[in-house]
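Here is the structure we will look at.
The values are calculated or read from the model by the stated rules, or taken from the named source; none is laboratory data. Small disclaimer: the values here were computed from a predicted structure and weren't measured. Because the Cβ atoms are built from the backbone with ideal geometry, glycine has one as well, and the counts that use them run over all protein chains shown. The accessibility values were calculated without ligands, DNA or RNA, using every heavy atom of the protein model including side chains. Shrake-Rupley method; radii C 1.70, N 1.55, O 1.52, S 1.80 Å.
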Amino acid sequence: MLAADFARLADEAAAVADVADWIHVDVMDGHFVPNLTIGLPVVEALLKHASLPLDCHLMIEDPDRWAPGYAEAGAQNVTIHAEAAAAPVRTLRAIRAAGARAGLAVNPATPVEPYADLVPELDMLLLMTVEPGFGGQGFLDLVLPKIRRARKLIGGWDSSVWVQVDGGVTTDTIGRCAEAGADMFVAGSAVFGASDPAVSVTELRGIAVRAAQPDRGP
């Protein structure tokens, strides 16, 4: 939703309700990243109107304090940043205890290997494919090898843990991400910058499915 019209969030969410799986909400505090977007009150309001589940990506300082509140409000997925969490195990467990899926995000320069022991606490591993903070950035190809390592780290294609990519996801890059091992894709400008967001989502999904590992199935 970072690329959506913030004055019409409910309408923008409805525009992709029949074709998308989730609504990805970027929560930024102007401290962890140099941008300020929306917080828990807006998420609570959006939850009343959005028919799709919300995937809340917290790019904030002190996620240990704030993350459980998003799960308690009704978000179905809450992701915290490894670089910001002081007590990731406790926070990930608190997210799950509140009824949401728990995600861990890492910035482009942050390796995934140090977090191997946290995989049992995760439902999703999010790899930033741009520097977090602003939409519309170009995809960083240097993250592609990390996607492959992340897929192996979580236990391959049979793992219940999702590998999500966020940043610069377009028709030119989503196939490479899927081939490398991603199975969840966040697209902002490519969707809400298009003349028909629903058509864009359908096109992106088709590319990802065709590029996915052969042994994954449909």
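Tabulated values for the structure
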| quantity | calculated |
| --- | --- |
| Rough spin-label spacing in nm, given labels placed 7 Å along Cα→Cβ, for F6 and A116 | 4.1 nm |
| Lys, Arg +1 and Asp, Glu -1 on Cβ, resulting dipole of the chain about Cα centre, debye, nearest 20 | 480 debye |
| Highest-MSF residue in the chain out of P63, P114, P197 [GNM, Cα springs under 10 Å] | P114 |
| Accessible area of region 157-218 belonging to carbon and sulfur atoms, whole % at 1.4 Å probe | 49 percent |
| For region 49-130: accessible area per residue (Å², 1.4 Å) | 37 Å² |
| For the chain, built as a Gaussian network whose Cα springs stay under 10 Å, the top-fluctuating residue of D55, D64, D172 | D172 |
| Under 13 Å, Cβ to Cβ, from E12 - net charge with Lys/Arg +1 and Asp/Glu -1 | -2 |
| Euclidean distance of C-alpha centroids, region 145-197 and region 21-79, integer Å | 20 Å |
| Segment D18-N35, length gained on full extension (0.36 nm per residue, minus Cα span) | 3.1 nm |
| Rough spin-label spacing in nm, given labels placed 7 Å along Cα→Cβ, for D141 and E44 | 4.7 nm |
| Selected from A13, A194, A102 as most flexible by GNM, with the chain as the system and alpha-carbon contacts under 10 Å | A194 |
| 222 nm mean residue ellipticity, helices alone, for the chain (DSSP H n ≥ 4; -39,500 (n - 2.57); rounded to 500) | -9500 deg cm²/dmol |
